[in-house]
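These notes are about the structure you will find just below.
The values are calculated or read from the model by the stated rules, or taken from the named source; none is laboratory data. These numbers come from a predicted model, not from an experiment. Here the Cβ is made from the backbone with ideal geometry for all residues, glycine too, and neighbour counts use every protein chain on show. We work out accessible area using only protein heavy atoms, side chains counted, and drop any ligands, DNA or RNA first. Shrake-Rupley method; radii C 1.70, N 1.55, O 1.52, S 1.80 Å.
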Amino acid sequence: MMELRQCAETAAVALAEKRRASLGDIDLAAVADIIEQVLSASSRKHEEADCQRLGEAQATARARLTQLLSVSPAVIYCFKARGDFAPTFVSTNIETLFGYAPREYLDNSNFWRERVHPDDLRRVETEVADVFKNGKHALEYRFRRKDGSYCWVNDDQNVIRDERGEPLEIMGSWSDITKRKQAEAAEDAARRRLSTLLQSAPAVIYSFKASGDFAPIFISENIKRLLGYRPDEYLKNADFWRTRVHPEDVDAVEAEQTKLFKEGWHTTEYRFRKSDGTYCWVSDEQSLIKDAHGNPVEVVGSWSDITARKTAEQVALQASQRVSDAIESISEGFSLYDTEDRLVLGNYKFAELFDFGAGPPRPGMTYEEIIRGAVDQGLIEDAKGHMPGWLGQRLAQHRNPTEPLLQSRADGTWLQISERHIASGGTVAVYSDLTEIKESEQRAAAANHLILQSLRYASRIQSAILPAREELASVTADHFLIWEPRDIVGGDFFWFQPINDGYAIILGDCTGHGVPGAFMTLIAWGLLDRMLRSADNDNPSQVLTGLHRGVQDLLGQKEEQGETDDGLEAGVCFINPSKQEMTFAGARFSLWKARGDDVIEIKGDRNGLGYRRYPQEATFTNLTLPLGAGDSFYLTTDGLIDQIGGPHGRSFGKRRFQTLLKRNKGAPMQKQAESLQRSFKKFQGQQLRRDDLTVLGFVPLGGGGIHARA
C-alpha cells in the first residue's frame, strides 16, 4: 500500500512540475503511467485489508490526478484504438477550455470529427494514421468551441499498447494555441506587408557588412524590376557593386566613401550598369549602423534612379548656353531688369517697341525712364489724356506683377505684357502682339451677337409654338410645369389639348439639345398635331406609333444606310374624366404615380421613336389606370434623372426623385415644384447642366373617390 501511494504521489508531483514548467503540452506518457501503476498495484493486492488501503490510495491518487487535470491548460482525452474507436475518458477541464460537458464527448463517438473545421478535416484524418506508425503524433488544426467559435489546438497523441504490443487505447491532449497562431499570422502579414512595400518602393534597399569582407547582407526584391538583377546576383557576389559602377565614376565614389564612416551618413550620385548593359544615374544614400560600443556593424543604403533628373539637368545646361540666341530669335519682345530695376538686356522686338526717336533703350536705363519716354512720345494709347495717373499705376504693376495685362498702342496694336520676378531678384518681361487675336475676338463678338439675337428669336418662336401654360390649368385640377432648356432653345417639349371624351398630356425629349434639339421638336409638333386628330380616345400608343414612323420617314431613317440616327422619347397620357381613368403609353419614358404614402414608377416600352435601330412596325403598349381621389402623376425627361452632382459626382437618379415626391406628398403642386427646384439646384452645385430639363406634375380632372388599382 505504501508503494502504491508513493507511486501515485510521485506521479502527481511530476505532473504538477510539468504543468508549472510549461503551459503548453502535457506528457501523456506520464499520465498513462499513473493510471497503469494504480491499476497494476490494485490487481496485485488480494487481501481484504490491503484492498481497503489500496482503494484509499487509489482514490487519493485519482483525486489528485483529477485536480491536476481540471486546472491543466490542456484537455486530456482517450478513445479506443480499434473497433468503434469509442471515447473512454476526457478531463473535466474540457468544459472550462471549450465549453463542453464531459458527457458530450463520452456519449458521442463522432464528437471530435464533427468539431474539426471542415477545411482541416481531410488533412487531419490523413495525418492521424501516423500515430499508429510512430506511436505518437502531434498536429494542429481548428476546433469548434461550444459557442460556435473556432480556436486553434495542438493535438498530441500517444498509443497505449497491451502486453502483446497491440494498440489498446489512444491518449491525447488538446492545447489551445490560438494566441500563438494569431501571432504567427500577424507576423506573416507584417512580413508580407514589408515585402510588398519593398517590392513597390521606388528605390532599391540594400545592406552589407561595415567591416571585414564587406559581404552583402540584404537586397530588396525590386532590384529585379528597377535594375534587372535577381537578388541572389547581389547577395552571392561581394564585388557586385564595384563591377557595375561606371568605370569613370568608381574612383571618385570610393574616395568619398570615407565620409560615411566619419559622419554616419552619405549621399552620392553616379552611373550604374543595369542587367541589360545600359547605364542609369542613381542617387546612393547610405547610413552607418553601429553596435553598442560604437563599432561599425552594417551599412544600409538605397539606390534611386535619377536618370530623368540628370537628363533634365543636362538639357537645361545645354539650353542655358543657347539662351541668348533664343531670346534674340523669338518674335515677342523680351527684356530683363536687375534688382535695381535697370535694363540688363532686351531683344530686337523690345527695341522696336520702345524706340521713341533717340534709339532703342540702352542697358543701365531704369524701367521708369523707358516707360516715361514712351508715354511722352505718345506711343501708348491707354496713357493719353491721363498720363500721371496711368504712369503711376503702370509703375506699381511693374514692381508688383500679378496677372498679364493688355496695353493699347498708338499704332493700333495690342500688347499682352507678362512680367514676373526671378530668383535673383530682377524682373523679366515678355511683350506679345495680340492684335490679330483682339481683332478676331471683336469679329467673333459681333458674330456671337448676331447668333444670340437669332437664338433668342428662335426661342420666342419655340415658346410660341408650345401650348400656353394656362391651357394646362384648364385640363387639370392642379399642376406644375418646369421647362428649362439647357441652352436658349432646347429639345424637350410638352403638349396638352382636349380630345374626344377627355384631354391629352404629352411630354417628350428629342435627340440633342440647343438648335438641333429645337429642330427635332418642330418635327415632333407637326406629327403630333396630325396623330392627335386621328388617334382613338383610349389608344395613346397610336400617337407613339405614328411619331415613330413619321420621324423615320421624314429623316430617311427606315433605310439601312443613312447619315442620321435621330429620334425622341415620349410619354402620352389620355385622360377620360367620365370614365375616371387614364391610359398611358411610353417610349423609353416612365409615368410616376403618387397615392397616399406610396410613389410608384409605371414604365413604358423600351423602344425609342424614329431611331434607325428600331423597326418601323414597332408597336407600343397602352396601360389603363383608374383615377382615385388624391392621385397625382408626374412626367420627367432624363435631364433631371441623369444630371451629375452631389458630393460624389453621381447622377440625380430615380430614387432621389421618388424620395422627393414622397416627401412633398399632399402639398400644392406649385410648392412641390419649388421644393424640387431647390433640391435639384443644390444637388447640381457647380456642375454644368448636362441636358434640357422638363418636369410636369398634375392632378387629373375627374379623379373620383374610387380606389385606384396599382
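One table, with the values for the structure above:
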item	result
Number of the condition not met by Leu547 [criteria: (1) within 19 Å of Gly491 (Cβ to Cβ); (2) open to solvent by 10 Å² or more (accessible area, probe 1.4 Å); (3) among the hydrophobic types (A, V, I, L, M, F, W, C); (4) touching a residue at least 60 places away in the same chain (Cβ under 8 Å)]	(2)
Odd one out for Ala190, checked against (1) farther than 29 Å from Gly99 by Cα; (2) touching a strand residue (DSSP E or B) at 6+ places or on another chain (Cβ under 7 Å); (3) hydrophobic (A, V, I, L, M, F, W, C)	(2)
Count of region 281-296 residues which are touching a strand residue (DSSP E or B) at 6+ places or on another chain (Cβ under 9 Å) and either of a type in the set (A, V, I, L, M) or open to solvent by 40 Å² or more (accessible area, probe 1.4 Å) (or both)	9
In region 567-597, the residues that are part of a loop (DSSP other than H, G, I, E, B) and open to solvent by 50 Å² or more (accessible area, probe 1.4 Å)	Ser578, Lys579, Gln580, Arg588, Gly596, Asp597
Selection within region 626-680 - aromatic (Phe, Trp, Tyr) and part of a helix (DSSP H, G or I)	Phe657, Phe680
Number of the condition not met by Asp162 [criteria: (1) among the charged types (D, E, K, R); (2) open to solvent by 70 Å² or more (accessible area, probe 1.4 Å); (3) in contact with a Leu (Cβ under 6 Å, 6 or more places away or on another chain)]	(2)
Selected residue (criterion: nearest to Ser408 (Cα to Cα)) from residues of region 342-360 that are surrounded by 14 or more Cβ atoms within 10 Å (Cβ to Cβ) and in contact (Cβ under 8 Å) with a residue 24 or more places away in the chain	Leu353
Test: Glu313 is without any contact (Cβ under 8 Å) to a residue 12 or more places away in the chain, open to solvent by 70 Å² or more (accessible area, probe 1.4 Å) and either more than 26 Å from Thr258 (Cβ to Cβ) or not acidic (Asp, Glu) (or both)	yes
Test: residue in region 532-542 that is crowded, with 17+ Cβ neighbours inside 10 Å, on the phi < 0 side of the Ramachandran plot, assigned to a helix (DSSP H, G or I) and in contact with a helix residue (DSSP H, G or I) (Cβ under 8 Å, 6 or more places away or on another chain)	yes
Restricting region 563-590 to residues that are among the β-branched types (Val, Ile, Thr) and touching a residue at least 60 places away in the same chain (Cβ under 8 Å), the residue that is farthest from Val695 (Cα to Cα)	Ile575
Among (1) more than 28 Å from Arg191 (Cα to Cα); (2) open to solvent by less than 40 Å² (accessible area, probe 1.4 Å); (3) in contact (Cβ under 8 Å) with a residue 24 or more places away in the chain; (4) out of contact with any helix residue (DSSP H, G or I) (no Cβ under 6 Å at 6 or more places or on another chain) - the single one Tyr270 does not satisfy	(4)
Filtered residues of region 550-561 (kept if open to solvent by 50 Å² or more (accessible area, probe 1.4 Å) and assigned to a loop (DSSP other than H, G, I, E, B))	Lys558, Glu559, Glu560, Gln561
Sole residue being within 25 Å of Glu328 (Cβ to Cβ) and in a loop (DSSP other than H, G, I, E, B), chosen from Gly385, Gly364, Gly373, Gly412	Gly364
Any chance Ala429 is touching a residue at least 60 places away in the same chain (Cβ under 8 Å) and either touching a His at 6+ places or on another chain (Cβ under 7 Å) or not polar (S, T, N, Q) (or both)	yes
In region 210-222, the residues that are among the aliphatic types (A, V, I, L, M), without any contact (Cβ under 8 Å) to a residue 40 or more places away in the chain and crowded, with 17+ Cβ neighbours inside 10 Å	Ile219
Residues of region 223-280 that turn out to be assigned to a helix (DSSP H, G or I) and not charged (D, E, K, R), as a count	13
Residues located in region 404-415, provided they are touching a strand residue (DSSP E or B) at 6+ places or on another chain (Cβ under 8 Å) and either within 16 Å of Glu439 (Cβ to Cβ) or surrounded by 15 or more Cβ atoms within 10 Å (Cβ to Cβ) (or both)	Leu405, Leu406, Gln407, Ser408, Arg409, Thr413, Trp414, Leu415
Which listed residue, of Thr307, Thr366, Thr339, is out of contact with any helix residue (DSSP H, G or I) (no Cβ under 7 Å at 6 or more places or on another chain), surrounded by fewer than 13 Cβ atoms within 10 Å (Cβ to Cβ) and of a type in the set (Ser, Thr, Tyr)	Thr339
Residue satisfying all of: in region 479-522; open to solvent by less than 10 Å² (accessible area, probe 1.4 Å) and part of a helix (DSSP H, G or I); nearest to Val572 (Cα to Cα) among these	Thr521
Total residues in region 287-337, condition outside any helix (DSSP H, G or I), within 30 Å of Tyr234 (Cβ to Cβ) and in contact with a Phe, Trp or Tyr (Cβ under 9 Å, 6 or more places away or on another chain)	11
Restricting region 244-258 to residues that are farther than 18 Å from Ser207 by Cβ and not acidic (Asp, Glu), the residue that is modelled with the lowest pLDDT	Thr258
Close pairs (8 angstrom Cβ cut-off, 6 or more residues apart or separate chains): closer than 21 Å to Ala308 by Cα in region 226-253, in a helix (DSSP H, G or I) and of a type outside the set (Ser, Thr, Tyr) anywhere	Tyr229/Ile223; Val245/Val253
Residue match in region 416-430 (condition: open to solvent by 30 Å² or more (accessible area, probe 1.4 Å) and in contact with a helix residue (DSSP H, G or I) (Cβ under 8 Å, 6 or more places away or on another chain))	no
Residue ID - least open to solvent (accessible area, probe 1.4 Å), chosen from residues in region 148-158 that are touching a residue at least 24 places away in the same chain (Cβ under 8 Å) and under 39 Å from the mean Cα position of the chain (by Cα)	Cys151
